[in-house]
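This report concerns only the one structure given below.
The values are calculated or read from the model by the stated rules, or taken from the named source; none is laboratory data. What you are looking at is a predicted structure, and each value in this text was computed from that prediction instead of being measured. Every residue, glycine as well, gets a Cβ built from its backbone with ideal geometry; the counts of neighbours run over all protein chains shown.
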Amino acid sequence: MRRIQRAALPTAAQSYLSKRQLAANDKHKNGDLNIERDWKSARQTRALKAVVTTLQTMMGPRQRCMYCLDSHGADIEHFRPKTVYPKRMYEWPNLLLCCTECGRFKGNQFPLSGKQALLIDPTREDPWKHLDFDPVTGNISARFDVRLNDWSAKGAATVDVLKLDRREALSAGYLKTLRHLSGIVERALLGAAIAAPALMTALKNADDHGLLAWCFSDRGQTIHPFKELQQRHPAVWRQCCKSI
């Protein structure tokens, strides 16, 4: 996973969503809102197609799922499920791009701690503050929070809901990306000097699964070849960390 910058919607699309939400709120208040029928009707409009296009643009040319970054983002996902939170059904900050598998696993699940969401929203926060990566198995797990002396509750809930530690194809994809990133760093270490901007450009182009933030974290710097990069070229390491 990685942090994703949410783009602004085209004005016409945002206006349509706002009007549609107001209408849905009125129907819900009167007890006659058919959530699935209302969404299906809206989904066929030009405005919702613009929403999909914007979400796809946010994910770059490969249009990956915002949760797993492994599969193609197939459709709009409601972070807060529309059947549970109809008043968020057309809110732009609640809409993500999701693959079929992540959407099937998540369904209408939305664990809470009080009023706080326990699922990670990659458009609002850095997932690696809550998640960890196993460079041997390729599995994603909850990150251990030394301040709390416990595992991240958000990380644990997200891993559990999306089955991030039980998807073999997903783990294989993350390991493949790690090999690509490691190879780029290994080749850079063969030279006497390393240009941080050129190195980061190559790494970002190869980072299909949003692993760079993990690789340049306290965890990543303990494994080869990132450990060697940090020890032998500390200035380059700091520049890379700043540009992620």
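Six or more apart or on different chains, Cβ under 6 Å: which pairs go from a residue in the range 16-41 that's hydroxyl-bearing (S, T, Y) to one that's assigned to a helix (DSSP H, G or I)? Could you list them?
These pairs meet every condition: Y16/A47.
Confirm whether R124 is among the basic types (K, R), over 13 Å from the mean Cα position of the chain (by Cα) and assigned to a loop (DSSP other than H, G, I, E, B).
When the stated conditions are applied, R124 does not pass them.
Hey, any hits in the range 71-78 for a residue that's within 15 Å of the chain's Cα centre (by Cα), within 24 Å of L48 (Cα to Cα) and hydrophobic (A, V, I, L, M, F, W, C)?
Within the range 71-78, one or more residues are within 15 Å of the chain's Cα centre (by Cα), within 24 Å of L48 (Cα to Cα) and hydrophobic (A, V, I, L, M, F, W, C).
Would you mind finding the one in T45, T54 that is polar (S, T, N, Q), farther than 29 Å from P111 by Cβ and either over 26 Å from the mean Cα position of the chain (by Cα) or modelled with pLDDT of 95 or more (or both)?
T45
So that you can scan it fast, the table gives a plain yes or no per residue for (1) buried (at least 16 other Cβ atoms within 10 Å of the Cβ); (2) closer than 21 Å to T83 by Cα; (3) touching a His at 6+ places or on another chain (Cβ under 9 Å):
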| site | (1), (2), (3) |
| --- | --- |
| P127 | yes, no, no |
| V136 | no, no, no |
| I140 | yes, no, no |
| R143 | yes, no, yes |
| D150 | no, no, no |
| L162 | yes, yes, no |
| T177 | yes, no, yes |
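Sort out which residues of the range 157-195 are within 21 Å of D121 (Cα to Cα), in contact with a Leu (Cβ under 8 Å, 6 or more places away or on another chain) and either part of a helix (DSSP H, G or I) or in the same structural domain as G103 (by TED's automatic domain parsing) (or both), and write them in order of number.
A157, T158, V159, V161, L170, Y174
Suppose the filter is under 24 Å from V161 (Cα atoms) and not assigned by TED's automatic domain parsing to the domain that holds A213; does T54 pass it?
Against the criterion (under 24 Å from V161 (Cα atoms) and not assigned by TED's automatic domain parsing to the domain that holds A213), T54 does not qualify.
For the range 164-175, enumerate the residues that are free of Cβ contacts under 8 Å to residues at least 40 places away in the same chain and surrounded by fewer than 16 Cβ atoms within 10 Å (Cβ to Cβ).
Correct list: R166, E168, A172.
Checking A196 against (1) over 17 Å from L69 (Cβ atoms); (2) surrounded by 21 or more Cβ atoms within 10 Å (Cβ to Cβ); (3) aliphatic (A, V, I, L, M); (4) in contact with a helix residue (DSSP H, G or I) (Cβ under 6 Å, 6 or more places away or on another chain), which test does it fail?
Among (1) over 17 Å from L69 (Cβ atoms); (2) surrounded by 21 or more Cβ atoms within 10 Å (Cβ to Cβ); (3) aliphatic (A, V, I, L, M); (4) in contact with a helix residue (DSSP H, G or I) (Cβ under 6 Å, 6 or more places away or on another chain), the lone unmet condition for A196 is (2).
So is A206 closer than 26 Å to V52 by Cα, of a type in the set (G, A, S) and not assigned by TED's automatic domain parsing to the domain that holds L22 or not?
Yes.
Conditions: (1) surrounded by fewer than 17 Cβ atoms within 10 Å (Cβ to Cβ); (2) farther than 13 Å from L17 by Cα. S41 meets all but one. Number of the miss?
Against the list (1) surrounded by fewer than 17 Cβ atoms within 10 Å (Cβ to Cβ); (2) farther than 13 Å from L17 by Cα, S41 comes up short only on (2).
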